[in-house]
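The values are calculated or read from the model by the stated rules, or taken from the named source; none is laboratory data. No experiment lies behind these values; they were computed from the predicted model shown. In this analysis, Cβ positions are derived from the backbone assuming ideal geometry, glycine residues included, and neighbour counts consider all displayed protein chains.
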Amino acid sequence: MLGSQLIQTMMNDKNKSLFSNFNPVSKQEWLEKAKTDLKGEDFNKKLVWKNLNNIDIPLFFTSEDKKEYLKNTGENSQALINYRYINGPTEETANKLALKAIEEGINGLLFDIKESTLVYRLLANINLNKIAVAFILKAHEVAFAIDFFDYATAQKIDPKNLKGYFDLELIANYITKGKMNPGQCDKAAAIAEMASEFPNFKAITISGTAYLDSGANQVQEVAYTLNSLVCFIERYSDRGISLETIFNNLHFQLGIGSEYFIEIGKFRAFNSLLQEIAKKYGIDEFSHSLTGKTSIWSKSVTDVHTNLLRATTETMSAILGNVDGVLIDPYDKEFNEASDFSSRIAGNIYTILKEESYFGKVANPVDGCYYIEEVGSKIAGKALELFKEIEAKGGFYDAFESEFIQQQIAKIRFEKIKLLSQRRLVMVGVNKYPNLMEKIPSEILSAGEMNPNPKLLKPRRASLEIEAIRKTTETLVKNFYKRPIIELSSFGNLTMRKARAAFAYDFLGVSGFELWPEKSYKSALDAAKKSAKSKSQVVVICSSDQDYDENALDFVKAFRKLNKDKVLLLAGNPIHLIGELTEAGLDGCIHVKSDIIATISSVQRKIQKTIKSLEV
């Protein structure tokens, strides 16, 4: 009854604003309120996101924020291509794999051509009017292209329906292998002329995935990819191929990282800057294609199924960023030949996003979103600055030969690895929330980055150095037939000892050691004596700061009287006690500022000196 009266009152007072009793709140008032709630803490440090692209992302936006949106950011593709990599030893085998992929819902096939290949056998029973096909050409490039276009013509394929691309690895081979082959660019130019009758099939691929997979940030990936495009144009546009033909045959492949909103902005910024570069060459209208590939950098071999979640969010970023196609790696690709299951699941990621989440069925869903528009604009601005800097240094080739590009990427890579080691950049299952139940063969774990050639880029996982910790543990187990044990010895304040035991459990779980559940004791001395005599190799003291002030030194002294060999750590950071505790025999502390690689490596070194092999 009351609700009906209220509705009637509102209907009778149509001209009165619902919020007329509320005064508008300015952005400055919001900021002042936030500063008050922070109680003197620095607003910019606490609430403004500072990204490794050297851009700051504000906490919120209001109507007072006047936005200048990027232009030509691309269109959300209603016919997004979901590529699957097909690699068979023969044409017949590859064809069977391709047909199986189509049955599973894949609408894009990427073939690896390493030798002379018969197109009609490779593509038998594949409807090129509906299925996109792409080829990584590593041999017989021109001959294969001739056969392919002849086959498409003979099959009476509608020229507009033929979709896909050729990838001669023009830039990828140079930046990862040091091979700049002018002959490949001549072949690309010749193939581009052949493709002129098929407007949606692209003959010139420029890939930027190696930048992101080598540790670069998004600004670097965008800028260096565009620099490499200019290098191609400047060197080979005078070889009988027109600028219109080049731009209309361009296919770009960019990696997709795990920073969700940044990646959306990256793809939009790339499309916008590409249009600006085309205009500098007098090209106002052209048709290119853009594919996003899930990155190697963000994947792990520990807690490997987490890669499925990473691939899903990456694919979402790419689609919302207006790509034309996606290439989703199977979750176990980093250590195994893709199985039928992992390949099928990778393909299903796209299907779920399209059919159940309606991605690709909405026109440009992020247009006008202040946050994403801000991200895209800032990435575009920074990328344009870097692009111009490279051109001022003589262009892409000179900058790469002088190792300027490699050094800039290395700087970001080292910063990312540092953040991972400090756990300020989280990778689930790698440096936080490890899966303590999984057993991993040492053979699939990395020993760390080994003397990389500074002149080349090396696509790699971000987790290599942390994997090396786990590999050391698995080697210990293999050599000594014993997995080191960590014991969490707690006493005192219930809340703090539980919290610090949980932290230690998560922090040291990365090591691959066996972790015993927390053991609580009535007193520090009781805890010291019993943990010193247990079968563990590592003991972690867990309690409150007050308990440490009163009992930590006694704990360490009592412990060391009974055991000189065990590793003894303390969960926390009682700075004023560190000197005395270390002198008494404490090996170190673990806390939120600890470096996971340095800490666990130190523990492993001491264990290696003291552990004894069990006789069989």
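Under the condition of being of a type in the set (Phe, Trp, Tyr) and crowded, with 19+ Cβ neighbours inside 10 Å, which residue from the range 385-410 is farthest from residue 452 (Cα to Cα)? Here the residue is 387. Restricting attention to the range 103-154, and to residues there that are among the basic types (Lys, Arg) and over 25 Å from residue 181 (Cβ atoms), which single residue is surrounded by the fewest Cβ atoms within 10 Å (Cβ to Cβ)? Filtering first and then ranking leaves 130. Set side by side, the residues 529, 609, 557 differ, and just one is under 39 Å from the mean Cα position of the chain (by Cα) and in a helix (DSSP H, G or I), which is 609. Residues that are in contact (Cβ under 8 Å) with a residue 40 or more places away in the chain, closer than 20 Å to residue 403 by Cα and of a type outside the set (Val, Ile, Thr) within the range 169-206 comprise 170, 174, 177, 178, 180, listed in sequence order.
To keep it simple, each residue is scored yes or no on (1) assigned to a helix (DSSP H, G or I); (2) more than 28 Å from residue 471 (Cα to Cα).
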site	(1), (2)
274	yes, yes
287	no, yes
307	yes, no
323	no, yes
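Annotation: of all residues in the range 154-168 being over 23 Å from residue 115 (Cβ atoms) and in contact (Cβ under 8 Å) with a residue 40 or more places away in the chain, the one that is nearest to the chain's Cα centre (by Cα) is 163.
Got at least one residue in the range 49-62 being farther than 28 Å from residue 218 by Cα and either aliphatic (A, V, I, L, M) or at pLDDT 80 or above (or both)? No, that holds for no residue.
Working only within the range 444-454, note down all residues that are farther than 14 Å from residue 510 by Cα and either buried (at least 19 other Cβ atoms within 10 Å of the Cβ) or modelled with pLDDT of 95 or more (or both). 446, the sole residue that qualifies. Flag: residue 115 does not match the condition of being in contact (Cβ under 8 Å) with a residue 40 or more places away in the chain, acidic (Asp, Glu) and either closer than 23 Å to residue 377 by Cα or assigned by TED's automatic domain parsing to the domain that holds residue 342 (or both). Before we move on, is residue 571 more than 30 Å from residue 442 (Cβ to Cβ), at pLDDT 95 or above and in contact with a Lys or Arg (Cβ under 9 Å, 6 or more places away or on another chain)? When the stated conditions are applied, residue 571 does not pass them. Within the range 484-513, the set of residues being more than 19 Å from residue 602 (Cβ to Cβ) and surrounded by fewer than 20 Cβ atoms within 10 Å (Cβ to Cβ) comprises 493, 494, 495, 496, 498, 499, 502. Does residue 454 count as outside the structural domain of residue 306 (by TED's automatic domain parsing) and closer than 24 Å to residue 52 by Cβ? For residue 454, the condition - outside the structural domain of residue 306 (by TED's automatic domain parsing) and closer than 24 Å to residue 52 by Cβ - is met. Restricting the range 65-92 to residues that are acidic (Asp, Glu) and either within 26 Å of the chain's Cα centre (by Cα) or in a loop (DSSP other than H, G, I, E, B) (or both), the residue that is nearest to residue 288 (Cα to Cα) is 75. Kindly establish whether residue 145 is assigned by TED's automatic domain parsing to the domain that holds residue 87, under 24 Å from residue 228 (Cα atoms) and touching a residue at least 40 places away in the same chain (Cβ under 8 Å). Yes, satisfied. Look at the range 455-482 and say how many of its residues are part of a helix (DSSP H, G or I), among the basic types (Lys, Arg) and either in contact with a Lys or Arg (Cβ under 8 Å, 6 or more places away or on another chain) or modelled with pLDDT under 90 (or both). Residues flagged as part of a helix (DSSP H, G or I), among the basic types (Lys, Arg) and either in contact with a Lys or Arg (Cβ under 8 Å, 6 or more places away or on another chain) or modelled with pLDDT under 90 (or both) within the range 455-482 amount to 1. Listed by first and then second residue, the pairs with beta-carbon distance under 7 Å, at least 6 apart or on different chains, first residue in the range 579-600 and farther than 16 Å from residue 538 by Cα and free of Cβ contacts under 8 Å to residues at least 12 places away in the same chain, second part of a helix (DSSP H, G or I) and among the hydroxyl-bearing types (Ser, Thr, Tyr), form an empty list. Those helices (runs of 4 or more DSSP H) of the range 351-447 in which at least 1 residues are of a type outside the set (A, V, I, L, M, F, W, C), outside the structural domain of residue 594 (by TED's automatic domain parsing) and within 21 Å of the chain's Cα centre (by Cα), considering only elements entirely within it, cover 370-392, 404-421. Residues that are among the hydrophobic types (A, V, I, L, M, F, W, C) and surrounded by fewer than 18 Cβ atoms within 10 Å (Cβ to Cβ) within the range 238-255 comprise just one, 243.
Look at (1) outside the structural domain of residue 120 (by TED's automatic domain parsing); (2) surrounded by fewer than 12 Cβ atoms within 10 Å (Cβ to Cβ); (3) modelled with pLDDT of 85 or more and you find that residue 72 fails only one, number (2).
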